[in-house]
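Working notes, beginning with the structure itself.
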(Lines give C-alpha, C1' and ligand atoms only; values in the text may rest on other atoms or scores of the structure.)
Protein backbone atom coordinates (compact mmCIF):
# COMPACT_ATOMS: atom_id res chain seq x y z
CA UNK A 1 0.00 0.00 0.00
CA UNK A 2 2.90 2.36 0.68
CA UNK A 3 4.19 2.19 -2.89
CA UNK A 4 0.67 2.53 -4.26
CA UNK A 5 0.02 5.63 -2.15
CA UNK A 6 3.32 7.14 -3.26
CA UNK A 7 2.56 6.49 -6.92
CA UNK A 8 -0.87 8.06 -6.55
CA UNK A 9 0.56 11.10 -4.79
CA UNK A 10 3.11 11.51 -7.57
CA UNK A 11 0.41 11.16 -10.25
CA UNK A 12 -1.68 13.87 -8.60
CA UNK A 13 1.37 16.09 -8.26
CA UNK A 14 1.93 15.80 -12.02
CA UNK A 15 -1.69 16.73 -12.69
CA UNK A 16 -1.40 19.73 -10.40
CA UNK A 17 1.83 20.81 -12.05
CA UNK A 18 0.08 20.83 -15.39
CA UNK A 19 -2.71 22.95 -13.94
CA UNK A 20 -0.44 25.45 -12.32
CA UNK A 21 1.48 25.79 -15.54
CA UNK A 22 -1.54 26.94 -16.92
CA UNK A 23 -29.48 -6.49 -11.43
CA UNK A 24 -31.55 -9.84 -12.43
CA UNK A 25 -30.22 -12.09 -15.23
CA UNK A 26 -33.72 -12.68 -16.60
CA UNK A 27 -34.38 -9.03 -17.29
CA UNK A 28 -32.80 -6.93 -20.03
CA UNK A 29 -30.83 -4.09 -18.48
CA UNK A 30 -28.68 -1.24 -19.67
CA UNK A 31 -24.97 -2.09 -19.50
CA UNK A 32 -23.14 -0.92 -16.42
CA UNK A 33 -20.49 0.73 -18.56
CA UNK A 34 -19.51 1.71 -22.04
CA UNK A 35 -16.31 -0.23 -21.35
CA UNK A 36 -17.25 -3.78 -22.29
CA UNK A 37 -14.61 -5.54 -20.20
CA UNK A 38 -15.80 -4.25 -16.85
CA UNK A 39 -17.45 -6.85 -14.62
CA UNK A 40 -21.06 -7.26 -15.68
CA UNK A 41 -22.01 -10.65 -14.24
CA UNK A 42 -25.38 -11.43 -12.74
CA UNK A 43 -25.58 -10.52 -9.06
CA UNK A 44 -25.43 -13.30 -6.51
CA UNK A 45 -28.69 -13.59 -4.57
CA UNK A 46 -28.29 -13.59 -0.82
CA UNK A 47 -31.09 -14.98 1.32
CA UNK A 48 -31.55 -13.10 4.55
CA UNK A 49 -34.04 -13.50 7.36
CA UNK A 50 -36.45 -10.56 7.35
CA UNK A 51 -36.29 -8.46 10.47
CA UNK A 52 -39.59 -7.99 12.27
CA UNK A 53 -40.30 -4.39 13.10
CA UNK A 54 -43.48 -2.87 14.31
CA UNK A 55 -44.65 -0.05 12.07
CA UNK A 56 -46.87 2.77 13.29
CA UNK A 57 -50.27 2.89 11.70
CA UNK A 58 -50.46 5.56 9.02
CA UNK A 59 -52.30 8.71 9.95
CA UNK A 60 -55.71 9.11 8.36
CA UNK A 61 -56.12 11.95 5.92
CA UNK A 62 -59.23 13.75 4.86
CA UNK A 63 -60.22 12.91 1.27
CA UNK A 64 -58.93 15.45 -1.21
CA UNK A 65 -61.25 17.34 -3.51
CA UNK A 66 -61.58 15.72 -6.92
CA UNK A 67 -59.33 17.12 -9.66
CA UNK A 68 -59.67 17.22 -13.38
CA UNK A 69 -57.66 14.43 -15.00
CA UNK A 70 -54.29 15.72 -16.29
CA UNK A 71 -52.32 12.57 -17.07
CA UNK A 72 -51.41 12.22 -20.74
CA UNK A 73 -49.86 8.76 -20.45
CA UNK A 74 -50.17 5.63 -18.34
CA UNK A 75 -46.40 5.11 -18.47
CA UNK A 76 -44.60 5.04 -15.12
CA UNK A 77 -42.53 8.19 -14.66
CA UNK A 78 -38.83 7.96 -13.81
CA UNK A 79 -38.35 8.86 -10.18
CA UNK A 80 -35.04 9.25 -8.39
CA UNK A 81 -35.18 8.75 -4.63
CA UNK A 82 -32.38 10.20 -2.50
CA UNK A 83 -32.51 10.57 1.29
CA UNK A 84 -32.77 14.19 2.36
CA UNK A 85 -29.40 15.60 3.28
CA UNK A 86 -27.50 12.55 2.04
CA UNK A 87 -24.27 13.34 0.19
CA UNK A 88 -24.17 12.19 -3.42
CA UNK A 89 -21.39 9.91 -4.59
CA UNK A 90 -21.43 11.89 -7.86
CA UNK A 91 -19.72 14.70 -5.97
CA UNK A 92 -16.67 12.55 -5.21
CA UNK A 93 -13.29 13.87 -6.30
CA UNK A 94 -9.62 14.04 -5.42
CA UNK A 95 -8.93 17.69 -6.24
CA UNK A 96 -10.64 20.44 -4.28
CA UNK A 97 -11.84 23.63 -6.03
CA UNK A 98 -8.98 25.64 -4.54
CA UNK A 99 -6.58 23.28 -6.33
CA UNK A 100 -8.28 23.00 -9.72
CA UNK A 101 -9.34 26.63 -9.90
CA UNK A 102 -12.79 25.41 -10.92
CA UNK A 103 -15.82 26.24 -8.77
CA UNK A 104 -17.73 23.70 -6.71
CA UNK A 105 -20.70 24.52 -8.94
CA UNK A 106 -18.87 23.05 -11.94
CA UNK A 107 -21.69 20.64 -12.82
CA UNK A 108 -24.62 22.61 -11.43
CA UNK A 109 -27.50 23.05 -13.86
CA UNK A 110 -26.33 20.27 -16.18
CA UNK A 111 -28.21 17.02 -16.61
CA UNK A 112 -26.30 13.90 -15.65
CA UNK A 113 -27.26 12.15 -18.91
CA UNK A 114 -25.91 15.04 -21.00
CA UNK A 115 -22.57 15.01 -19.20
CA UNK A 116 -22.28 11.22 -19.48
CA UNK A 117 -22.86 11.44 -23.23
CA UNK A 118 -20.22 14.17 -23.60
CA UNK A 119 -17.67 12.13 -21.64
CA UNK A 120 -18.39 9.07 -23.80
CA UNK A 121 -17.66 11.07 -26.97
CA UNK A 122 -14.48 12.72 -25.70
CA UNK A 123 -11.24 11.81 -27.48
CA UNK A 124 -8.19 13.33 -25.81
CA UNK A 125 -5.23 11.04 -26.45
CA UNK A 126 -3.74 12.96 -29.37
CA UNK A 127 -3.21 16.23 -27.48
CA UNK A 128 -1.69 16.40 -23.98
CA UNK A 129 -3.42 19.73 -23.26
CA UNK A 130 -6.78 18.00 -23.61
CA UNK A 131 -5.60 15.11 -21.44
CA UNK A 132 -4.57 17.48 -18.65
CA UNK A 133 -7.90 19.30 -18.82
CA UNK A 134 -9.83 16.03 -18.83
CA UNK A 135 -7.97 14.80 -15.73
CA UNK A 136 -8.87 18.06 -14.00
CA UNK A 137 -12.56 17.57 -14.78
CA UNK A 138 -12.61 13.88 -13.88
CA UNK A 139 -10.81 14.34 -10.56
CA UNK A 140 -12.55 17.57 -9.52
CA UNK A 141 -14.57 17.62 -6.34
CA UNK A 142 -17.81 19.41 -7.17
CA UNK A 143 -21.53 19.44 -6.55
CA UNK A 144 -23.34 16.67 -8.43
CA UNK A 145 -25.33 17.39 -11.60
CA UNK A 146 -29.09 17.14 -11.89
CA UNK A 147 -30.43 13.59 -12.00
CA UNK A 148 -27.86 12.15 -9.62
CA UNK A 149 -29.02 9.12 -7.69
CA UNK A 150 -27.64 6.48 -5.33
CA UNK A 151 -26.18 4.53 -8.26
CA UNK A 152 -23.97 7.56 -9.08
CA UNK A 153 -24.07 7.14 -12.86
CA UNK A 154 -22.04 10.29 -13.44
CA UNK A 155 -19.29 9.05 -11.12
CA UNK A 156 -19.37 5.72 -12.95
CA UNK A 157 -18.85 7.57 -16.24
CA UNK A 158 -15.92 9.51 -14.76
CA UNK A 159 -14.33 6.29 -13.48
CA UNK A 160 -14.78 4.71 -16.92
CA UNK A 161 -13.10 7.70 -18.54
CA UNK A 162 -10.16 7.42 -16.14
CA UNK A 163 -9.88 3.71 -16.96
CA UNK A 164 -9.89 4.52 -20.67
CA UNK A 165 -6.85 6.73 -20.08
CA UNK A 166 -5.17 4.06 -17.95
CA UNK A 167 -5.42 6.02 -14.68
CA UNK A 168 -6.12 3.07 -12.38
CA UNK A 169 -4.69 4.50 -9.16
CA UNK A 170 -6.68 7.78 -9.17
CA UNK A 171 -9.86 5.89 -10.08
CA UNK A 172 -9.23 3.49 -7.20
CA UNK A 173 -8.64 6.37 -4.81
CA UNK A 174 -11.91 8.00 -5.92
CA UNK A 175 -13.90 4.87 -5.14
CA UNK A 176 -12.13 3.73 -1.97
CA UNK A 177 -14.32 5.69 0.50
CA UNK A 178 -17.66 4.93 -1.21
CA UNK A 179 -17.23 1.61 -3.03
CA UNK A 180 -19.60 -0.31 -0.76
CA UNK A 181 -22.48 2.16 -1.08
CA UNK A 182 -23.84 0.68 -4.32
CA UNK A 183 -23.26 -2.57 -6.26
CA UNK A 184 -22.39 -0.73 -9.49
CA UNK A 185 -19.64 1.22 -7.71
CA UNK A 186 -18.40 -1.93 -6.00
CA UNK A 187 -18.16 -3.74 -9.35
CA UNK A 188 -15.77 -1.07 -10.64
CA UNK A 189 -13.83 -0.99 -7.37
CA UNK A 190 -13.49 -4.77 -7.53
CA UNK A 191 -12.00 -4.60 -11.04
CA UNK A 192 -9.70 -1.75 -10.05
CA UNK A 193 -8.30 -3.64 -7.07
CA UNK A 194 -7.60 -6.62 -9.32
CA UNK A 195 -5.76 -4.40 -11.80
CA UNK A 196 -3.75 -2.80 -8.99
CA UNK A 197 -2.96 -6.12 -7.30
CA UNK A 198 -4.98 -5.18 -4.20
CA UNK A 199 -7.83 -7.68 -4.62
CA UNK A 200 -7.64 -8.87 -1.01
CA UNK A 201 -9.24 -5.60 0.09
CA UNK A 202 -12.19 -6.00 -2.25
CA UNK A 203 -12.55 -9.68 -1.40
CA UNK A 204 -12.67 -8.90 2.32
CA UNK A 205 -15.47 -6.39 1.68
CA UNK A 206 -17.31 -8.86 -0.55
CA UNK A 207 -17.17 -11.63 2.05
CA UNK A 208 -18.55 -9.24 4.65
CA UNK A 209 -21.35 -8.04 2.31
CA UNK A 210 -22.11 -10.80 -0.23
CA UNK A 211 -24.97 -8.79 -1.75
CA UNK A 212 -22.34 -6.51 -3.30
CA UNK A 213 -20.82 -9.33 -5.35
CA UNK A 214 -20.77 -8.29 -9.02
CA UNK A 215 -21.20 -11.93 -10.05
CA UNK A 216 -20.98 -15.54 -9.01
CA UNK A 217 -17.45 -15.73 -10.39
CA UNK A 218 -16.27 -12.90 -8.12
CA UNK A 219 -17.86 -14.56 -5.09
CA UNK A 220 -16.22 -17.92 -5.87
CA UNK A 221 -12.85 -16.29 -6.53
CA UNK A 222 -12.89 -14.36 -3.26
CA UNK A 223 -13.96 -17.35 -1.20
CA UNK A 224 -11.05 -19.31 -2.62
CA UNK A 225 -8.57 -16.49 -2.00
CA UNK A 226 -9.74 -16.29 1.59
CA UNK A 227 -9.01 -20.00 1.98
CA UNK A 228 -12.62 -21.15 2.20
CA UNK A 229 -12.24 -23.73 -0.55
CA UNK A 230 -15.19 -25.85 0.56
CA UNK A 231 -17.68 -22.97 0.31
CA UNK A 232 -16.08 -21.85 -2.94
CA UNK A 233 -16.54 -25.30 -4.44
CA UNK A 234 -20.15 -25.50 -3.21
CA UNK A 235 -20.92 -22.05 -4.63
CA UNK A 236 -19.28 -23.02 -7.92
CA UNK A 237 -21.39 -26.20 -8.16
CA UNK A 238 -24.55 -24.19 -7.48
CA UNK A 239 -23.69 -21.53 -10.05
CA UNK A 240 -22.85 -24.13 -12.67
CA UNK A 241 -26.07 -26.08 -12.10
CA UNK A 242 -28.07 -22.85 -12.46
CA UNK A 243 -26.24 -21.87 -15.64
CA UNK A 244 -25.00 -18.62 -14.09
CA UNK A 245 -21.44 -18.80 -15.46
CA UNK A 246 -20.16 -18.27 -18.95
CA UNK A 247 -18.33 -21.13 -20.62
CA UNK A 248 -14.87 -19.60 -20.17
CA UNK A 249 -15.58 -18.43 -16.62
CA UNK A 250 -16.78 -21.91 -15.68
CA UNK A 251 -13.74 -23.62 -17.17
CA UNK A 252 -11.23 -21.19 -15.62
CA UNK A 253 -12.82 -21.34 -12.18
CA UNK A 254 -12.77 -25.13 -12.36
CA UNK A 255 -9.04 -25.04 -13.16
CA UNK A 256 -8.50 -22.48 -10.39
CA UNK A 257 -10.33 -24.50 -7.74
CA UNK A 258 -8.78 -27.86 -8.62
CA UNK A 259 -5.63 -27.39 -10.72
CA UNK A 260 -4.37 -30.94 -10.06
CA UNK A 261 -7.45 -32.37 -11.77
CA UNK A 262 -6.45 -30.66 -15.03
CA UNK A 263 -2.70 -30.98 -14.80
CA UNK A 264 -1.20 -31.11 -18.29
CA UNK A 265 -4.40 -29.98 -20.02
CA UNK A 266 -4.42 -26.67 -21.92
CA UNK A 267 -6.45 -23.76 -20.60
CA UNK A 268 -9.47 -22.65 -22.64
CA UNK A 269 -8.92 -20.06 -25.36
CA UNK A 270 -9.35 -16.61 -23.78
CA UNK A 271 -11.99 -14.24 -25.17
CA UNK A 272 -10.94 -11.20 -27.16
CA UNK A 273 -12.15 -8.90 -24.37
CA UNK A 274 -11.62 -10.76 -21.10
CA UNK A 275 -12.96 -9.34 -17.87
CA UNK A 276 -10.41 -8.27 -15.29
CA UNK A 277 -11.23 -11.36 -13.23
CA UNK A 278 -10.60 -13.68 -16.18
CA UNK A 279 -7.34 -11.84 -16.81
CA UNK A 280 -6.24 -12.52 -13.24
CA UNK A 281 -7.40 -16.15 -13.40
CA UNK A 282 -5.21 -16.81 -16.44
CA UNK A 283 -2.33 -15.19 -14.58
CA UNK A 284 -3.01 -17.30 -11.49
CA UNK A 285 -2.89 -20.45 -13.64
CA UNK A 286 0.57 -19.54 -14.95
CA UNK A 287 -0.49 -18.34 -18.40
CA UNK A 288 -0.76 -14.54 -18.18
CA UNK A 289 -2.41 -12.83 -21.13
CA UNK A 290 -0.49 -10.19 -23.09
CA UNK A 291 -1.76 -6.71 -22.26
CA UNK A 292 -0.95 -5.01 -25.57
CA UNK A 293 -4.21 -6.07 -27.31
CA UNK A 294 -6.27 -5.26 -24.20
CA UNK A 295 -7.60 -1.88 -23.01
CA UNK A 296 -4.97 0.50 -21.69
CA UNK A 297 -5.82 -0.01 -18.01
CA UNK A 298 -4.60 -3.62 -18.20
CA UNK A 299 -1.08 -2.27 -18.83
CA UNK A 300 -0.82 -1.43 -15.12
CA UNK A 301 -0.35 -5.15 -14.48
CA UNK A 302 2.88 -5.11 -16.50
CA UNK A 303 4.48 -2.43 -14.33
CA UNK A 304 5.03 -4.97 -11.57
CA UNK A 305 8.44 -6.53 -11.03
CA UNK A 306 7.05 -9.89 -12.10
CA UNK A 307 6.90 -8.63 -15.69
CA UNK A 308 9.96 -8.52 -17.92
CA UNK A 309 11.79 -5.26 -18.63
CA UNK A 310 10.49 -5.03 -22.20
CA UNK A 311 6.91 -5.55 -21.05
CA UNK A 312 7.38 -2.89 -18.37
CA UNK A 313 8.67 -0.34 -20.87
CA UNK A 314 5.89 -1.01 -23.35
CA UNK A 315 3.28 -0.75 -20.59
CA UNK A 316 4.82 2.50 -19.35
CA UNK A 317 4.73 3.94 -22.87
CA UNK A 318 1.03 3.09 -23.27
CA UNK A 319 0.21 4.68 -19.94
CA UNK A 320 2.36 7.74 -20.63
CA UNK A 321 0.53 8.29 -23.90
CA UNK A 322 -2.69 8.44 -21.86
CA UNK A 323 -1.13 10.86 -19.39
CA UNK A 324 -1.41 8.22 -16.64
CA UNK A 325 2.31 7.77 -15.94
CA UNK A 326 4.86 10.37 -14.92
CA UNK A 327 7.71 11.20 -17.25
CA UNK A 328 10.24 10.48 -14.49
CA UNK A 329 9.04 6.92 -14.08
CA UNK A 330 9.15 6.39 -17.84
CA UNK A 331 12.72 7.69 -18.08
CA UNK A 332 13.72 5.58 -15.08
CA UNK A 333 12.52 2.45 -16.88
CA UNK A 334 14.30 3.40 -20.10
CA UNK A 335 17.60 3.87 -18.27
CA UNK A 336 17.34 0.92 -15.89
CA UNK A 337 19.83 -1.31 -17.77
CA UNK A 338 21.47 -1.75 -21.12
CA UNK A 339 19.27 -3.19 -23.90
CA UNK A 340 20.33 -6.63 -25.04
CA UNK A 341 18.53 -6.55 -28.40
CA UNK A 342 17.63 -4.16 -31.20
CA UNK A 343 14.55 -3.01 -33.06
CA UNK A 344 11.30 -1.45 -31.85
CA UNK A 345 11.31 -0.53 -28.20
CA UNK A 346 15.02 -1.38 -27.86
CA UNK A 347 16.02 1.19 -30.47
CA UNK A 348 13.97 3.77 -28.58
CA UNK A 349 15.57 2.75 -25.31
CA UNK A 350 19.08 2.97 -26.76
CA UNK A 351 18.42 6.42 -28.27
CA UNK A 352 17.06 7.77 -24.99
CA UNK A 353 19.96 6.34 -23.01
CA UNK A 354 22.47 7.90 -25.39
CA UNK A 355 20.74 11.29 -25.20
CA UNK A 356 20.29 11.09 -21.42
CA UNK A 357 23.98 10.38 -20.91
CA UNK A 358 25.00 13.29 -23.18
CA UNK A 359 22.68 15.68 -21.37
CA UNK A 360 23.88 14.51 -17.95
CA UNK A 361 27.46 15.18 -19.06
CA UNK A 362 26.50 18.71 -20.14
CA UNK A 363 28.23 18.25 -23.50
CA UNK A 364 26.48 20.45 -26.12
CA UNK A 365 28.17 18.68 -28.99
CA UNK A 366 27.05 15.22 -27.93
CA UNK A 367 23.55 16.51 -27.20
CA UNK A 368 23.36 18.11 -30.64
CA UNK A 369 24.28 14.79 -32.25
CA UNK A 370 21.86 12.69 -30.17
CA UNK A 371 18.88 15.05 -30.15
CA UNK A 372 17.49 14.59 -33.70
CA UNK A 373 17.59 10.81 -33.46
CA UNK A 374 15.96 10.59 -30.07
CA UNK A 375 13.26 13.09 -31.03
CA UNK A 376 12.48 11.08 -34.14
CA UNK A 377 11.83 7.85 -32.21
CA UNK A 378 9.98 9.68 -29.44
CA UNK A 379 7.69 11.40 -31.95
CA UNK A 380 7.02 8.11 -33.74
CA UNK A 381 5.85 6.66 -30.40
CA UNK A 382 3.76 9.80 -29.60
CA UNK A 383 5.71 10.44 -26.42
CA UNK A 384 6.65 14.05 -27.14
CA UNK A 385 4.89 15.43 -24.08
CA UNK A 386 6.64 13.09 -21.64
CA UNK A 387 9.99 13.81 -23.29
CA UNK A 388 9.45 17.58 -23.20
CA UNK A 389 8.44 17.47 -19.53
CA UNK A 390 11.50 15.41 -18.65
CA UNK A 391 14.17 17.17 -20.67
CA UNK A 392 13.11 20.66 -21.85
CA UNK A 393 14.47 22.64 -18.88
CA UNK A 394 17.96 21.11 -19.15
CA UNK A 395 17.93 21.35 -22.95
CA UNK A 396 17.14 25.07 -22.94
CA UNK A 397 20.06 25.78 -20.62
CA UNK A 398 22.61 24.38 -23.09
CA UNK A 399 24.34 26.68 -25.62
CA UNK A 400 23.14 24.81 -28.71
CA UNK A 401 23.36 26.17 -32.23
CA UNK A 402 21.79 25.54 -35.63
CA UNK A 403 19.20 22.82 -36.07
CA UNK A 404 19.76 21.44 -32.57
CA UNK A 405 18.93 24.82 -31.03
CA UNK A 406 15.80 25.11 -33.17
CA UNK A 407 14.64 21.63 -32.15
CA UNK A 408 15.40 22.29 -28.48
CA UNK A 409 13.28 25.47 -28.65
CA UNK A 410 10.38 23.56 -30.22
CA UNK A 411 10.60 21.00 -27.41
CA UNK A 412 10.59 23.87 -24.91
CA UNK A 413 7.39 25.23 -26.46
CA UNK A 414 5.79 21.82 -25.94
CA UNK A 415 6.71 21.79 -22.25
CA UNK A 416 4.77 23.35 -19.36
CA UNK A 417 7.41 26.15 -19.36
CA UNK A 418 6.47 27.27 -22.88
CA UNK A 419 5.94 30.92 -21.93
CA UNK A 420 9.27 31.26 -20.14
CA UNK A 421 10.99 29.63 -23.12
CA UNK A 422 9.32 32.08 -25.50
CA UNK A 423 10.27 35.10 -23.40
CA UNK A 424 13.89 34.01 -23.03
CA UNK A 425 14.64 32.46 -26.41
CA UNK A 426 11.89 33.41 -28.86
CA UNK A 427 13.70 36.31 -30.52
CA UNK A 428 16.45 33.95 -31.71
CA UNK A 429 14.04 31.90 -33.86
CA UNK A 430 12.33 34.06 -36.50
CA UNK A 431 11.04 30.93 -38.25
CA UNK A 432 8.90 30.22 -35.19
CA UNK A 433 7.56 33.74 -34.67
CA UNK A 434 3.93 32.59 -34.84
CA UNK A 435 4.48 29.84 -32.27
CA UNK A 436 6.36 32.27 -30.04
CA UNK A 437 3.37 34.61 -30.26
CA UNK A 438 1.02 31.83 -29.18
CA UNK A 439 3.21 31.09 -26.17
CA UNK A 440 3.00 34.75 -25.20
CA UNK A 441 -0.75 34.86 -25.77
CA UNK A 442 -0.65 37.19 -28.78
CA UNK A 443 0.13 35.45 -32.07
CA UNK A 444 0.84 37.71 -35.06
CA UNK A 445 -1.37 37.74 -38.19
CA UNK A 446 -1.28 34.46 -40.07
CA UNK A 447 0.47 33.99 -43.37
CA UNK A 448 -1.85 33.96 -46.41
CA UNK A 449 -3.32 30.52 -47.06
CA UNK A 450 -2.56 29.14 -43.57
CA UNK A 451 -6.09 28.46 -42.37
CA UNK A 452 -4.99 26.81 -39.13
CA UNK A 453 -2.85 29.79 -38.16
CA UNK A 454 -5.66 32.18 -39.14
CA UNK A 455 -8.09 30.30 -36.88
CA UNK A 456 -5.63 30.44 -33.96
CA UNK A 457 -4.91 34.14 -34.51
CA UNK A 458 -8.64 34.92 -34.60
CA UNK A 459 -9.23 33.01 -31.36
CA UNK A 460 -6.53 34.98 -29.58
CA UNK A 461 -7.69 38.19 -31.29
CA UNK A 462 -11.05 38.33 -29.57
CA UNK A 463 -13.27 35.85 -31.41
CA UNK A 464 -16.32 34.75 -29.45
CA UNK A 465 -17.24 31.18 -28.53
CA UNK A 466 -20.10 29.54 -30.45
CA UNK A 467 -23.68 30.10 -29.33
CA UNK A 468 -24.18 26.75 -27.56
CA UNK A 469 -21.12 27.29 -25.39
CA UNK A 470 -22.07 30.91 -24.68
CA UNK A 471 -25.51 29.68 -23.59
CA UNK A 472 -23.99 27.08 -21.28
CA UNK A 473 -21.66 29.66 -19.74
CA UNK A 474 -24.49 32.14 -19.21
CA UNK A 475 -26.56 29.43 -17.49
CA UNK A 476 -23.66 28.59 -15.17
CA UNK A 477 -23.10 25.14 -16.71
CA UNK A 478 -19.34 25.54 -16.63
CA UNK A 479 -18.31 21.88 -16.78
CA UNK A 480 -20.68 21.21 -19.65
CA UNK A 481 -19.29 24.22 -21.52
CA UNK A 482 -15.75 22.91 -21.09
CA UNK A 483 -16.72 19.47 -22.42
CA UNK A 484 -18.45 21.10 -25.40
CA UNK A 485 -15.31 23.13 -26.10
CA UNK A 486 -13.19 19.98 -25.93
CA UNK A 487 -15.52 18.32 -28.41
CA UNK A 488 -15.14 21.32 -30.71
CA UNK A 489 -11.38 21.05 -30.39
CA UNK A 490 -11.46 17.43 -31.54
CA UNK A 491 -13.13 18.54 -34.75
CA UNK A 492 -10.91 21.57 -35.18
CA UNK A 493 -7.63 19.72 -34.66
CA UNK A 494 -8.73 17.19 -37.26
CA UNK A 495 -8.73 19.92 -39.92
CA UNK A 496 -11.77 22.18 -39.40
CA UNK A 497 -10.45 25.75 -38.86
CA UNK A 498 -13.81 27.20 -37.78
CA UNK A 499 -14.21 24.58 -35.04
CA UNK A 500 -10.60 25.17 -33.94
CA UNK A 501 -11.21 28.93 -33.65
CA UNK A 502 -14.42 28.35 -31.69
CA UNK A 503 -12.79 25.87 -29.32
CA UNK A 504 -9.79 28.05 -28.51
CA UNK A 505 -12.02 31.11 -28.10
CA UNK A 506 -14.21 29.10 -25.73
CA UNK A 507 -11.26 28.02 -23.59
CA UNK A 508 -10.16 31.63 -23.25
CA UNK A 509 -13.68 32.80 -22.41
CA UNK A 510 -13.83 30.10 -19.73
CA UNK A 511 -10.60 31.36 -18.17
CA UNK A 512 -8.57 28.40 -19.43
CA UNK A 513 -5.83 30.47 -21.01
CA UNK A 514 -3.09 27.92 -20.35
CA UNK A 515 -5.16 25.20 -22.02
CA UNK A 516 -5.81 27.43 -25.03
CA UNK A 517 -2.12 28.25 -25.51
CA UNK A 518 -0.84 24.70 -24.99
CA UNK A 519 -3.53 23.27 -27.28
CA UNK A 520 -2.71 25.78 -30.04
CA UNK A 521 1.02 25.11 -29.73
CA UNK A 522 0.42 21.36 -29.94
CA UNK A 523 -1.71 21.76 -33.05
CA UNK A 524 1.12 23.70 -34.68
CA UNK A 525 4.09 21.68 -33.48
CA UNK A 526 2.74 18.14 -33.29
CA UNK A 527 0.67 18.44 -36.47
CA UNK A 528 -1.41 15.37 -35.90
CA UNK A 529 -5.08 14.68 -36.58
CA UNK A 530 -7.30 12.71 -34.28
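Does residue 144 satisfy the criteria of being touching a helix residue (DSSP H, G or I) at 6+ places or on another chain (Cβ under 9 Å) and part of a loop (DSSP other than H, G, I, E, B)? Break it down into steps so the answer makes sense when it comes.
Details: touching a helix residue (DSSP H, G or I) at 6+ places or on another chain (Cβ under 9 Å): yes; part of a loop (DSSP other than H, G, I, E, B): yes.
Against the criterion (touching a helix residue (DSSP H, G or I) at 6+ places or on another chain (Cβ under 9 Å) and part of a loop (DSSP other than H, G, I, E, B)), residue 144 qualifies.
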Any residue at all in region 330-339 that is at pLDDT 95 or above, under 19 Å from residue 131 (Cβ atoms) and part of a helix (DSSP H, G or I)? yes
Return yes when residue 379 is at pLDDT 95 or above, surrounded by 15 or more Cβ atoms within 10 Å (Cβ to Cβ) and either part of a helix (DSSP H, G or I) or at positive phi (or both) and no when it is not. no
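What do you reckon, is residue 390 assigned to a helix (DSSP H, G or I) and either over 32 Å from the mean Cα position of the chain (by Cα) or over 21 Å from residue 129 (Cβ atoms) (or both)? Don't jump to the end; show me each part of the working.
Working: assigned to a helix (DSSP H, G or I): yes; either over 32 Å from the mean Cα position of the chain (by Cα) or over 21 Å from residue 129 (Cβ atoms) (or both): no.
Considered against the rule, which asks whether it is assigned to a helix (DSSP H, G or I) and either over 32 Å from the mean Cα position of the chain (by Cα) or over 21 Å from residue 129 (Cβ atoms) (or both), residue 390 comes out as no.
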Considering region 247-277 alone, what residues qualify as being loosely packed, with under 15 Cβ neighbours inside 10 Å, on the phi < 0 side of the Ramachandran plot and in a loop (DSSP other than H, G, I, E, B)? 258, 263, 265, 266, 269, 271, 272, 273
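Residue-wise test of (1) in a helix (DSSP H, G or I); (2) touching a strand residue (DSSP E or B) at 6+ places or on another chain (Cβ under 8 Å); (3) surrounded by 23 or more Cβ atoms within 10 Å (Cβ to Cβ); (4) modelled with pLDDT of 95 or more.
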| position | (1), (2), (3), (4) |
| --- | --- |
| 157 | yes, no, no, yes |
| 173 | yes, no, no, yes |
| 187 | yes, no, yes, yes |
| 191 | yes, no, yes, yes |
| 211 | yes, no, no, no |
| 218 | yes, no, yes, yes |
| 227 | no, no, no, no |
| 232 | yes, no, no, yes |
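Select from region 283-295 the residues that are more than 15 Å from residue 224 (Cα to Cα) and part of a helix (DSSP H, G or I) and list them in ascending order. Step through it out loud before you land on a result.
Narrowing region 283-295 to residues more than 15 Å from residue 224 (Cα to Cα): 283, 286-295.
Passing the criteria: only 283.
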Can you confirm whether region 340-350 contains a residue that is in a loop (DSSP other than H, G, I, E, B) and touching a helix residue (DSSP H, G or I) at 6+ places or on another chain (Cβ under 7 Å)? no
Answer yes or no: is there a residue in region 453-462 that is closer than 24 Å to residue 436 by Cβ, at pLDDT below 95 and outside any helix (DSSP H, G or I). yes
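Determine, yes or no, whether residue 403 is under 23 Å from residue 461 (Cα atoms), modelled with pLDDT of 95 or more and either out of contact with any strand residue (DSSP E or B) (no Cβ under 6 Å at 6 or more places or on another chain) or in a helix (DSSP H, G or I) (or both).
Values: under 23 Å from residue 461 (Cα atoms): no; modelled with pLDDT of 95 or more: yes; either out of contact with any strand residue (DSSP E or B) (no Cβ under 6 Å at 6 or more places or on another chain) or in a helix (DSSP H, G or I) (or both): yes.
Spelling it out, it is not the case that residue 403 is under 23 Å from residue 461 (Cα atoms), modelled with pLDDT of 95 or more and either out of contact with any strand residue (DSSP E or B) (no Cβ under 6 Å at 6 or more places or on another chain) or in a helix (DSSP H, G or I) (or both).
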Residues of region 95-140 satisfying the condition of being surrounded by fewer than 22 Cβ atoms within 10 Å (Cβ to Cβ), under 16 Å from the mean Cα position of the chain (by Cα) and part of a loop (DSSP other than H, G, I, E, B): 122, 123, 125, 126
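The values are calculated or read from the model by the stated rules, or taken from the named source; none is laboratory data. Remember, predicted model here, so these are calculated numbers, not experimental data. Glycine gets a Cβ as well: all are built from the backbone with ideal geometry, and neighbour counts include every protein chain shown.
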